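K.L.:
Before I ask anything, here is the structure I am working with.
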Amino acid sequence: MSDDPFATPRAKNGRAPDARRVGGWLPMREYPETEPVDFVIVGTGAGGGTLTGRLAELGFSVVAFDAGPWFRPLEEFASDETEQNKLYWNDRRVTGGENPLIMGGNNSGKAVGGSTVHYAMVSLRFRPEWFKSRSRLGYAVDWPLDWREMWDYYAQAEQALKIAGPVSYPWGPKRPRYPYRAHELNAPAELLARGAEALGYRWSPTPLATVSAPHGLSPPCVYRGFCRFGCSTNAKQSQLVTFIPRAVEAGAEIRDLAMVGRIETGNDGLVTGVHYFREGRWGFQAARNVIVAGYAIETPRLLLLSANDRYPDGLANSSGLVGRNLMTQSNQAVWGLMEQEVRWNKGPPSLALTEHWNYEDRKDFPGYYCWMSQGPLPVEWANTLIGSRGLWGERLRQQMAHYNHQVGLKMVGEMLPDEANRVELDDKEVDQYGLPVSRITYRWGEDDKRLINHALDQMQMSLEAINATDIFRQDNDTNHLAGTARMGFDARSSVVDADCRSWDIPNLWICDGSVFPTTGGVNPSLTITAIALRTADRIAALAARGELARRHRSVTVGAGHALAG
Amino acid sequence: MTDRFPGYDVLSKRHSPSWNEVTRQVVNRRLAVPREPRYFTWDEFVTLDAICDRIVPQPDHRPKVPLAAYVDARLVEGPGDGYRFANLPEAADAWRQGLAALDAEAQAAHGVPFHRISPHAQDRLLTQAQNGELNNPAWGGMPARMFFEHRVLPDIVHSYYAHPTAWSEIGFGGPASPRGYVRMQLDRRDPWEAAEAYPGHEDRARRQNRHV
């Protein structure tokens with residue numbers, strides 16, 4: 001065992017941990033605080049980790065910050081649900097409203113690599129029309145991105161993460177073959193397939209970011225089933241073992257255990273760098289550009305915490321939309337019991353899915369959803385039983401004894417943007433850094449509820465078709481986050497443009513799930529990664545034209561793009 | 001409850017390729033949890049222990065999983081939840097207040113503290129908490145239903161199903177790194193997984209479970 005990754009930073013003195021090797025180190029370039037670097041990036045997950053790697057490879061000087069530790073999974077990740085809570089953002093937050101969001105494992109990460117360290121690796125593309133929800137499908141708002149351009153960036157993201165998926169994917173426009181072969185189905189996946197076929201729906205092996213054959217230092221997945229608690233073999237292609245080492249090798253500096261608490265602006269209104277807490281003191285890193293990539297809670301929180309005389313409502317907030325339009329995804333499930341032994345803990349948790357209702361418009365509610373096979377581990381499963389059925393006592397122990405025979409389907413559903421769903425700063429409580437904590441307010445809309453009920457009915461039919469018994473519904477779960485710094489077509493109705501550049505401050509950028517104007521009916525990580533890849537290319541193009549520190553007034557990026565075809 | 005996985009002990013795999021070093025250390029630490037309260041007073045701890053016995057009743061024939069000790073340990077050592085509900089206090093405060101309230105409810109209804117009333121009466125009080133039917137002033141504005149649903153149940157139940165004794169009881173394969181699993185299909189069992197006892201074949205399951 002090495003030193004405690006929570007006690008002192010590891011990325012120091014010219015070296016950083018190499019998460020791909022036991023006890024491994026990589027030489028790391030370091031930048032002085034007082035000389036402005038091209039980019040400071042706050043957060044190292046699907047958005048920030050990807051950008052750190054790409055911008056460094058494109059020749060920019062980059063210092064990235066993560067509030068969490070820099071783990072080496074091979075020696076530090078236990079096969080244990082409880083221990084691995086160390087991967088989540090466990091700091092204080094307040095959650096309220098009519099349907100308070102449960103934070104923690106479902107939707108947060110605090111480690112180098114962000115929540116990709118513990119995500120379920122489900123790597124799906126948006127349906128093209130979702131980039132134009134308003135004009136093509138009649139609800140919510142359009143994105144300023146063109147799906148055809150995104151299709152190329154999705155392909156790049158899939159290559160970078162060596163996604164294992166089927167030769168041909170049943171839904172949507174043509175896409176290249178997945179780089180790695182699909183994983184075999186486990187029993188829950190096979191049961192999803194049987195149920196879908198009984199309903200006349202197509203299904204597919206889920207495209208996953210865990211390799212099905214060796215890749216670099218990653219061995220093929222051994223189907224251990226603890227994916228959502230951190231992969232201890234590095235088969236998972238998280239940012240921690242992909243873009244992060246690429247970033248360090250390309251000359252980026254990444255500071256672990258470094259909490260950014262405030263972005264500074266200068267007399268000209270541009271950002272000048274960030275104040276961050278590391279090793280017991282507040283430091284200041286000067287930068288020519290700052291990219292915020294802290295996800296849908298920490299990103300608006302940092303922008304609001306950075307309020308000053310010139311920007312009294314927080315940075316990039318002339319629209320008043322920073323922190324607003326917070327979205328989660330509905331994550332309800334239907335569970336049942338099989339006569340056969342399912343042993344659902346084996347293999348990645350979601351090896352099969354059906355996107356049938358993502359590509360079907362004949363329905364009476366806006367928004368879309370898919371569902372996937374499931375394999376919760378014991379604590380997670382017990383939590384479902386206490387939460388959905390209110391079980392305790394002898395009845396709980398009896399139901400838990402059926403663990404190896406349970407089966408289930410879980411949705412990922414689109415919830416619609418609503419300005420009342422938001423992140424604010426609490427006016428009383430502060431966290432361990434002395435910073436006001438986030439206060440999160442959430443309420444499901446009537447359309448959200450219609451979509452959820454539709455999905456629950458459908459998933460129940462699928463379980464009934466395979467003769468599952470003792471079927472029950474988990475009607476209260478949500479997961480991924482989005483919104484709170486949406487991209488759009490103008491400064492009045494959005495926070496950033498299509499390039500993830502803030503309308504208000506040309507050298508302040510936001511690149512993570514918070515820029516999503518809508519969430520679609522699939523897991524967001526691949527889309528965040530694709531947007532980050534695009535943003536890196538756009539930054540390089542703008543830099544080449546000398547337009548990084550100022551916005552070229554004659555161009556409104558994105559507004560002129562053709563609508564999705 | 002009958003023994004569905006006779007002779008299966010997930011800890012017997014501790015030195016197999018299913019357990020890596022960090023997992024051994026984590027589970028060893030868990031098994032060595034201090035049995036004395038560090039956050040709660042002894043009086044509170046006795047009340048908590050009585051609640052744990054009702055939330056997860058444990059059989060007499062094996063060493064008891066010290067659930068109250070785990071609840072106490074987490075309040076001292078963390079990690080936190082990462083959030084709190086707007087109408088609930090922080091975990092440690094919620095627990096202190098909730099235990100006092102349940103004792104006050106028992107006093108009001110039966111004239112003795114919670115741990116001294118019958119298991120049946122304890123269950124009734126806990127059910128009332130679950131249904132939000134308790135409103136003794138000792139709750140101090142904290143909704144009993146929220147306390148039960150978001151502190152009592154998860155904190156105690158998570159502790160139980162994080163314990164190797166519970167893994168063995170439900171036939172969970174347990175830690176699985178680096179070996180993982182091979183037989184993924186329906187009704188297939190890897191030789192290092194728990195064998196289930198089907199009526200008339202209990203001995204076979206017991207034999208298989210000796211060799212996981």
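The values are calculated or read from the model by the stated rules, or taken from the named source; none is laboratory data. The shown structure was predicted, so the numbers you read here are calculated from the model rather than taken from an experiment. Backbone-built Cβ (ideal geometry, glycine too); neighbour counts: all protein chains shown. Ligands, DNA and RNA are excluded from the accessible area calculation, which covers all protein heavy atoms including side chains. Shrake-Rupley method; radii C 1.70, N 1.55, O 1.52, S 1.80 Å.
K.L.:
Here is a check on your reading of the model: is residue A:469 polar (S, T, N, Q) and surrounded by 24 or more Cβ atoms within 10 Å (Cβ to Cβ)?
P.N.:
When the stated conditions are applied, residue A:469 does not pass them.
K.L.:
With respect to residue A:90, is the statement that it is under 20 Å from residue B:82 (Cβ atoms), more than 14 Å from the chain's Cα centre (by Cα) and free of Cβ contacts under 8 Å to residues at least 24 places away in the same chain true?
P.N.:
Details: under 20 Å from residue B:82 (Cβ atoms): yes; more than 14 Å from the chain's Cα centre (by Cα): yes; free of Cβ contacts under 8 Å to residues at least 24 places away in the same chain: yes.
For residue A:90, the condition - under 20 Å from residue B:82 (Cβ atoms), more than 14 Å from the chain's Cα centre (by Cα) and free of Cβ contacts under 8 Å to residues at least 24 places away in the same chain - is met.
K.L.:
Hey, does the stretch A:409-421 have a residue that's more than 8 Å from chain B (Cβ to nearest Cβ) and under 21 Å from residue B:5 (Cα atoms)? Let's see the steps before the verdict.
P.N.:
Kept after step one, since they are more than 8 Å from chain B (Cβ to nearest Cβ), are these residues of the stretch A:409-421: A:409-421.
Imposing the further condition that a residue be under 21 Å from residue B:5 (Cα atoms) reduces the set to none.
Checked the stretch A:409-421: no residue is more than 8 Å from chain B (Cβ to nearest Cβ) and under 21 Å from residue B:5 (Cα atoms).
K.L.:
Name every residue in the stretch A:118-134 that is hydrophobic (A, V, I, L, M, F, W, C) and in a helix (DSSP H, G or I), in order of residue number. It would help to see each step written out before you state the result.
P.N.:
Initial filter on the stretch A:118-134 (hydrophobic (A, V, I, L, M, F, W, C)): A:120-122, A:124, A:126, A:130-131.
Of everything in the stretch A:118-134, those that are hydrophobic (A, V, I, L, M, F, W, C) and in a helix (DSSP H, G or I) turn out to be A:130, A:131.
K.L.:
Taking strands (runs of 3 or more DSSP E) that fall entirely within the stretch A:226-306, which contain at least 2 residues that are in contact with a Pro (Cβ under 9 Å, 6 or more places away or on another chain) and either in contact (Cβ under 8 Å) with a residue 12 or more places away in the chain or buried (at least 24 other Cβ atoms within 10 Å of the Cβ) (or both)?
P.N.:
Values: elements: A:253-255, A:259-265, A:271-278, A:281-292.
Hits in the stretch A:226-306: A:271-278, A:281-292.
K.L.:
Can we say residue B:16 is assigned to a helix (DSSP H, G or I), hydroxyl-bearing (Ser, Thr, Tyr), more than 10 Å from chain A (Cβ to nearest Cβ) and open to solvent by 20 Å² or more (accessible area, probe 1.4 Å)? Reasoning before the result, please.
P.N.:
Details: assigned to a helix (DSSP H, G or I): no; hydroxyl-bearing (Ser, Thr, Tyr): yes; more than 10 Å from chain A (Cβ to nearest Cβ): yes; open to solvent by 20 Å² or more (accessible area, probe 1.4 Å): yes.
So residue B:16 fails the test.
K.L.:
Of the residues B:143, B:175, which single one is more than 7 Å from every other protein chain (Cβ to nearest Cβ) and over 13 Å from the mean Cα position of the chain (by Cα)?
P.N.:
Working: B:175 fails: more than 7 Å from every other protein chain (Cβ to nearest Cβ).
Result of the check over B:143, B:175: B:143.
K.L.:
Please enumerate the residues belonging to the stretch A:20-29 that are open to solvent by 80 Å² or more (accessible area, probe 1.4 Å), outside any strand (DSSP E or B) and touching a Lys or Arg at 6+ places or on another chain (Cβ under 8 Å). Break it down stepwise before answering.
P.N.:
Residues of the stretch A:20-29 that are open to solvent by 80 Å² or more (accessible area, probe 1.4 Å), as a first pass: A:21-22, A:25, A:27, A:29.
Now restrict to residues that are outside any strand (DSSP E or B): A:21-22, A:29.
Those that are open to solvent by 80 Å² or more (accessible area, probe 1.4 Å), outside any strand (DSSP E or B) and touching a Lys or Arg at 6+ places or on another chain (Cβ under 8 Å): A:21, A:22.
K.L.:
Here are some residues: A:194, A:224, A:281, A:246. Which one is in contact with a helix residue (DSSP H, G or I) (Cβ under 6 Å, 6 or more places away or on another chain) and either basic (Lys, Arg) or within 30 Å of residue B:192 (Cα to Cα) (or both)? If you could, list the steps in order and put the result at the bottom.
P.N.:
Details: A:194 fails: in contact with a helix residue (DSSP H, G or I) (Cβ under 6 Å, 6 or more places away or on another chain); A:224 fails: in contact with a helix residue (DSSP H, G or I) (Cβ under 6 Å, 6 or more places away or on another chain); A:281 fails: in contact with a helix residue (DSSP H, G or I) (Cβ under 6 Å, 6 or more places away or on another chain).
None of the others qualify; the one that does is A:246.
K.L.:
Same structure again: Are any of the residues in the stretch A:144-155 within 24 Å of residue A:221 (Cβ to Cβ), open to solvent by 30 Å² or more (accessible area, probe 1.4 Å) and touching a Phe, Trp or Tyr at 6+ places or on another chain (Cβ under 9 Å)? If you could, list the steps in order and put the result at the bottom.
P.N.:
Initial filter on the stretch A:144-155 (within 24 Å of residue A:221 (Cβ to Cβ)): A:154-155.
With open to solvent by 30 Å² or more (accessible area, probe 1.4 Å) added as a condition, the list becomes none.
Scanning the stretch A:144-155 turns up no residue that is within 24 Å of residue A:221 (Cβ to Cβ), open to solvent by 30 Å² or more (accessible area, probe 1.4 Å) and touching a Phe, Trp or Tyr at 6+ places or on another chain (Cβ under 9 Å).
K.L.:
Test of understanding: among A:119, A:88, which residue is open to solvent by 10 Å² or more (accessible area, probe 1.4 Å) and within 18 Å of residue A:533 (Cβ to Cβ)?
P.N.:
Values: A:88 fails: within 18 Å of residue A:533 (Cβ to Cβ).
Sole residue among the options that is open to solvent by 10 Å² or more (accessible area, probe 1.4 Å) and within 18 Å of residue A:533 (Cβ to Cβ): A:119.
K.L.:
Then there's this: Being among the basic types (Lys, Arg) and open to solvent by less than 10 Å² (accessible area, probe 1.4 Å) is the filter; apply it to the stretch A:329-370 and report the residue that is farthest from the other protein chains (Cβ to nearest Cβ).
P.N.:
A:343
K.L.:
Just give me the residues in the stretch A:346-385 being in a loop (DSSP other than H, G, I, E, B), within 22 Å of the chain's Cα centre (by Cα) and over 25 Å from residue A:199 (Cα atoms), in sequence order.
P.N.:
Of all residues in the stretch A:346-385, those in a loop (DSSP other than H, G, I, E, B) come to A:346-351, A:355, A:359-368, A:374-377.
Of the ones still in play, those that are also within 22 Å of the chain's Cα centre (by Cα) are A:347-351, A:355, A:367-368, A:374-377.
Within the stretch A:346-385, A:347, A:377 qualify.
K.L.:
Looking only at the stretch B:46-90, filter to residues that are out of contact with any helix residue (DSSP H, G or I) (no Cβ under 7 Å at 6 or more places or on another chain) and aliphatic (A, V, I, L, M); which one of those is nearest to the other protein chains (Cβ to nearest Cβ)?
P.N.:
Once the filter is applied, the top-ranked residue is B:86.
K.L.:
Any idea how many residues of the stretch B:168-206 are touching a residue at least 40 places away in the same chain (Cβ under 8 Å), outside any loop (DSSP other than H, G, I, E, B) and open to solvent by 10 Å² or more (accessible area, probe 1.4 Å)?
P.N.:
4
So that you can scan it fast, the table gives a plain yes or no per residue for (1) modelled with pLDDT of 95 or more; (2) in a helix (DSSP H, G or I); (3) away from every other protein chain (no Cβ under 14 Å):
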| site | (1), (2), (3) |
| --- | --- |
| A:71 | yes, no, no |
| A:81 | yes, no, no |
| A:95 | yes, no, no |
| A:98 | yes, no, no |
| A:112 | yes, no, yes |
| A:116 | yes, yes, yes |
| A:136 | yes, yes, yes |
| A:140 | yes, no, yes |
| A:158 | yes, yes, yes |
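K.L.:
Go through (1) over 17 Å from the mean Cα position of the chain (by Cα); (2) closer than 18 Å to residue A:392 by Cα; (3) in contact (Cβ under 8 Å) with a residue 12 or more places away in the chain one by one and return the number of the condition residue B:70 breaks.
P.N.:
Here residue B:70 clears every test but (1).
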